[in-house]
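Everything below concerns the one structure shown next.
The values are calculated or read from the model by the stated rules, or taken from the named source; none is laboratory data. Bear in mind the structure is a predicted one, so any value in this text is a computation, not a measurement. Reconstructed Cβ throughout: ideal geometry from the backbone, glycine too, with neighbour counts over all protein chains shown.
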Amino acid sequence: MADTMYDIAIAGGGLAGLTLAIQSADAGYKTLLVEKEQYPYHKVCGEYISNESAGFLQSLGLPLQKMQLPQIKNLQISNCKGKVYGFALPLGGFGVSRYTLDDALYNIALKKGVTVLTQTKVNDVTFSNDVFTIATGQRAFTAKCAVGSFGKRSNLDVKWQRPFIASKASGLNNYIGVKYHIQYPHDPTVIALHNFSNGYCGISNIEDGKTCLCYLTTAKNLQQNGNSIKQMEENLLYKNPRLQQIFSTADILYNAPLAISQISFAQKSQVENHLLMAGDAAGLITPLCGNGMSMAMHAGKLAFNNMHLFLQGKISRPIMEQRYAAEWRKQFSSRLFTGRLVQSVFGGEASTALFLHLVGKNNWLAQKLISATHGTAF
C-alpha cells in the first residue's frame with residue numbers, strides 16, 4: 001500500500017536532487033527525496049564547480065563564503081608528453097568535495113522539512129491516473145510530480161530500457177572513472193587536465209588543503225592491463241611525466257581508488273515515463289569541460305520552475321514536460337555537443353598535441369571553447 005501523498009518526489013540525492021528538494025521545500029511543497037547511500041559519502045567526480053552556480057548555492061542556504069574553499073581562476077592542459085598550455089577561466093570556480101558539499105545540502109534539506117530516506121533504493125516509479133507511485137524495498141509513496149536524478153547509470157535505466165543502456169560499446173559509452181583524494185603541493189588557483197593515451201586526468205584543490213585527482217579512460221585500456229588500475233596507471237598514465245610526478249610523490253588519502261564503470265556520454269531523454277530527468281540521468285557532459293556539477297544544479301532549477309507552475313495549476317502536465325525538455329536542450333545541448341567534440345580530439349597523442357598547439361596560439365579560440373562549455377549565473 002502507498003502511504004503519504006507528496007507534491008514532489010525525487011529519486012536520487014545527488015546535486016540535482018538535493019538542490020531541487022531544497023527549492024521545493026522553500027516553496028512550501030511536501031517533498032520526498034530517496035537516496036540509496038548514506039550521507040556523507042565519496043563519489044567519482046572532478047569536484048570543481050563553475051562560479052555560475054555560486055549565487056544559486058548561497059540562495060539555498062549554503063555558506064560558501066565561510067567555507068574557505070580554493071578559488072580556481074586558471075586552466076592548464078598538458079598533452080600526452082607533458083607539454084603544458086595555460087588558459088584563463090573567465091568565470092572561475094571553486095573546489096569542494098562531494099563528501100562535504102552533498103552532506104551540507106542534505107542537512108539544509110532536512111532543516112527545511114524535506115523527508116529524506118537514505119540507504120533506500122527506488123525499485124520503480126510508475127505513473128497512473130495522474131499520480132506517481134515510488135516503490136522502494138518495503139514501502140511505496142505517491143506524488144503529484146516525480147523527478148529522476150539518479151546519476152549516470154541506475155537500475156531504473158535498465159528497468160525502463162532507456163536507449164543508451166542498449167547501445168553497443170562505442171566512443172561515447174565505454175568509459176571508466178577513477179578518483180583519489182591526495183595531499184600534493186598543487187597550485188590552488190589552477191585546475192589542470194593531463195592527457196594520456198585514450199584518457200585524461202584532472203587535478204584541483206578542494207577543502208582542507210586536500211586535492212582531488214580524477215581521471216577518465218576507456219574500459220578497453222583497463223582490460224588491456226589485466227583489469228588492474230595500478231598496472232594501467234603505470235603503463236599509460238605514467239607516460240605523461242606530469243602524471244608520473246603526481247602519482248610518484250603524492251600522499252594518497254584513500255585506501256583504494258574510487259571507481260565507476262560503464263559511463264556513457266550518449267544522448268538521453270529529458271522526460272521518461274512522465275518523470276522529469278535531471279543531472280547525469282538527463283545527459284552527461286564530458287569531465288574535461290569541468291561543468292557537470294553546475295549543469296546538474298541548473299537542471300534542478302529548471303525542473304522546479306516547471307513543476308511549480310504545474311502545481312499552481314498554471315500549466316498542464318504535457319506543457320510542463322514539453323517546456324522542461326525544451327529549456328533543458330536550450331541550456332545544455334550546445335555544451336554537450338562541444339564537450340563531445342573536444343573529447344573526440346583528446347586521447348590520441350598526435351591529435352591532442354595538434355589541438356593544444358593550435359588553441360595555445362589562439363587565445364580567442366581558447367576562450368570561445370571554454371565559454372561554450374560554461375553557462376551564466378542562474
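Within the range 362-378, residues that are touching a residue at least 24 places away in the same chain (Cβ under 8 Å) and under 15 Å from Arg340 (Cα atoms) have Cβ atoms under 9 Å from residues that are in a helix (DSSP H, G or I) and of a type in the set (Phe, Trp, Tyr) in these pairs: Ala372/Phe337, counting only partners at least 6 apart in sequence or on another chain. Looking only at residues that are out of contact with any helix residue (DSSP H, G or I) (no Cβ under 9 Å at 6 or more places or on another chain) and modelled with pLDDT under 95 in the range 161-190, which one is nearest to Leu243 (Cα to Cα)? For the range 161-190, the residue satisfying everything is Ser170.
Counting only residues that are in contact with a Lys or Arg (Cβ under 9 Å, 6 or more places away or on another chain) and aliphatic (A, V, I, L, M), the range 140-167 holds 3 of them.
The set of residues in the range 327-378 that are among the aromatic types (Phe, Trp, Tyr) and either part of a helix (DSSP H, G or I) or within 30 Å of Leu236 (Cα to Cα) (or both) comprises Trp328, Phe332, Phe337, Phe346, Phe355, Trp364. Considering only the range 318-344, how many residues are modelled with pLDDT of 75 or more and either small (Gly, Ala, Ser) or in contact with a Phe, Trp or Tyr (Cβ under 6 Å, 6 or more places away or on another chain) (or both)? Total satisfying the criteria: 5.
The set of residues from the range 135-159 being without any contact (Cβ under 8 Å) to a residue 60 or more places away in the chain and outside any helix (DSSP H, G or I) comprises Ala135, Gly137, Gln138. The set of residues from the range 245-270 being buried (at least 17 other Cβ atoms within 10 Å of the Cβ) and at pLDDT 95 or above comprises Ile246, Phe247, Ala250. Scanning the range 85-113 for residues that are more than 21 Å from the chain's Cα centre (by Cα) and at pLDDT 95 or above turns up Leu110, Lys111, Lys112, Gly113. Within the range 91-149, being of a type in the set (D, E, K, R) and in contact with a helix residue (DSSP H, G or I) (Cβ under 6 Å, 6 or more places away or on another chain) holds for one residue alone: Lys112.
Looking across Leu32, Leu91, Leu15, one residue alone is crowded, with 17+ Cβ neighbours inside 10 Å and in contact with a Gly (Cβ under 7 Å, 6 or more places away or on another chain). It is Leu15.
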